[in-house]
Amino acid sequence: MLSIKELTYGFEAGRPIFENLSLDVKPGEFVSLIGPSGSGKSTMFRLITGLLEPDHGEIIIDGKLPENRLGHIGYMPQKDLLLPWRTVFDNVLLPLEVGKSNRQGKAQEIRAWLERFGLADYEQAYPKQLSGGMRQRAAFLRTIMTGKNLLLLDEPFGALDSLTKRKMHSWLLGIWGELQKTIMFITHDLEEAILLSDRIYLMKRTGIWEFKVHLPRPRSPELIYQQTLISMRKELEWLIHRES
Ligand SMILES: Nc1ncnc2c1ncn2[C@@H]1O[C@H](COP(=O)(O)OP(=O)(O)O)[C@@H](O)[C@H]1O
Ligand SMILES: [Mg+2]
C-alpha cells in the first residue's frame, strides 16, 4: 500500500531531521508512528501527502510513484480543521464537494455514516457546539469521506481527556473491522498505539525501529489491564529511552 525507501528530509539544507528512513504499510494494516516530540512524525505525514517533497528517497503508493500523492490519501492533520461556519453535515460533505459528487445523492450515505459515528443528532450542529470527542469523530469521518483507502491520522485523540479517549478506542476498535481502510496513526500514547495497531514504528533522531503487536483481533479496550499489554509497553518504553 505504502512503501517509503531511504527517505531524507530537512527544513534547512545540511540539517536533516531524518535520514535514509524506510518503512512499509500493507493493505488493511493499522500502523502507528510513535517517537519523541520533534522527531519528525508530522513532517513524515506531510511528505507522504505531498505537502513537502523529500530531499532523497522514494514514496511509493500502490506500487507507483504518483505525482499527486494527496489524491491517493485521506489526511487528518494534527489540529482538527473543521470549518467553524459549516454544520457537521456540511463539514463531512466537504470532500465530496471537492470531488464534484452531488449533494442530494450523497445525503443518505452521509446520514448513515453519521449514525455509525454517533453524530446523528448533531448533523445540523456547528463544531463549537460539539464535545472534543465528537469533533474528532466528525474530522475522522470527513477523512473517511475522501474515499481513499490509505488514511493518515496525526494524533487524532491527542487532545482528549483519558475517559473520552477510552470511549473513542472502544468505538474505533468496534468499527475498525468494517472500515477496511489502511491506517497510519501518530500518537504519543503507548497504550493507545499497542491497543490499536498491528505494528508500531518508533522514530528517533537516530533511526526507526519496528515493533510487532501480536494481539489477536477483535480487541477490547480492557486489554490495557492485561499483563501482555503491560509488558509490551515496558519494552517500548525501554526502546524509547535507551541511548541509540
Ligand atoms: N515548517 C517548519 N520549518 C522549520 N522547521 C520545522 C517546521 N515544521 C517542523 N519543523 C521542525 O522539524 C522537527 C520535526 O517536527 P515535527 O515533524 O512536527 O515533529 P513531531 O510531529 O514528531 O513532534 C522539529 O524540530 C520542528 O521544530
Ligand atoms: Mg506532530
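Accessible area of the chain with a 1.4 Å probe: how many percent of it is carbon plus sulfur? The nonpolar share, carbon plus sulfur, comes to 50 percent. The trypsin sites (Lys or Arg not before Pro) found in the stretch 95-188 that occupy coil by DSSP, while having at most 12 further C-beta atoms within 10 Å, are LYS100. Entry note, the chain: relative contact order of 25 percent, from Cα contacts under 8 Å with a spacing of 6+ residues. The candidates ASP55, ASP90, ASP121, arranged from most to least accessible area with a 1.4 Å probe in the full protein assembly, appear as ASP121, ASP55, ASP90. What is the calculated FRET efficiency for GLU6 to TRP176, with r their C-beta to C-beta distance and R₀ = 30 Å, to the nearest 0.05? FRET efficiency, GLU6 to TRP176: 0.45.
Taking every alpha-carbon pair in the chain and binning the separations at 10 Å intervals from zero gives 7, 31, 35, 22, 6, 0 percent. Here the dipole of the chain is about 440 debye; that uses its Cα centre as origin and unit charges on the Cβ of Lys and Arg (positive) and Asp and Glu (negative). Take the Cα of ARG233, step 7 Å toward its Cβ, do the same at LYS212, and the gap between the two points is 2.4 nm. Ignoring lysines fewer than eight residues from LYS165 along the same chain, the ones with Cα atoms less than 27 angstrom from its Cα are LYS26, LYS41, LYS79, LYS128, LYS148, LYS181, LYS204, LYS212, LYS234. Each other residue within a Cβ distance under 12 Å of ILE4 adds +1 if Lys or Arg and -1 if Asp or Glu, for a net charge of -1. When the label point is put 7 Å from the Cα of GLU222 along its Cα-to-beta-carbon vector, which residues of the stretch 140-184 have a backbone N closer than 20 Å? Residues 163-177 fall inside that zone.
Starting from one equal scatterer on each C-alpha and no solvent at all, send me the Debye-based log10 I(q)/I(0) for the stretch 102-242 at q = 0.11, 0.17, 0.20 Å⁻¹, two decimals. For the stretch 102-242, the Cα-only Debye profile gives -0.47, -1.02, -1.32.
Among TRP171, TRP238, the order of accessible area from largest down is TRP238, TRP171, computed with a 1.4 Å probe on protein heavy atoms. Gyration tensor analysis over the Cα atoms of the stretch 1-128 returns equivalent ellipsoid semi-axes of 34, 17, 14 Å (largest first, whole Å).
Sorting GLU155, GLU237 by accessible area puts them as GLU237, GLU155; the probe is 1.4 Å, largest comes first, and only protein heavy atoms count. Across the stretch 82-147, the relative contact order, built from alpha-carbon pairs under 8 Å that are at least six residues apart, equals 52 percent.
What is the calculated FRET efficiency for ALA112 to ILE240, with r their C-beta to C-beta distance and R₀ = 45 Å, to the nearest 0.05? Result of the calculation: an efficiency of 0.65. The helix-only estimate of mean residue ellipticity at 222 nm for the chain, built from DSSP H runs of length n ≥ 4 each weighted as -39500 (n - 2.57), is -11000 deg cm²/dmol after division by the residue total.
The values are calculated or read from the model by the stated rules, or taken from the named source; none is laboratory data. The model shown is predicted, which means the values in this text are computed figures rather than measured ones. Note that each Cβ is placed from the backbone with ideal geometry, even for glycine, and that neighbours are counted across all protein chains shown. Ligands, DNA and RNA are stripped out before the accessible areas are found, and what is left, the full protein with its side chains, is counted by its heavy atoms. Shrake-Rupley method; radii C 1.70, N 1.55, O 1.52, S 1.80 Å.
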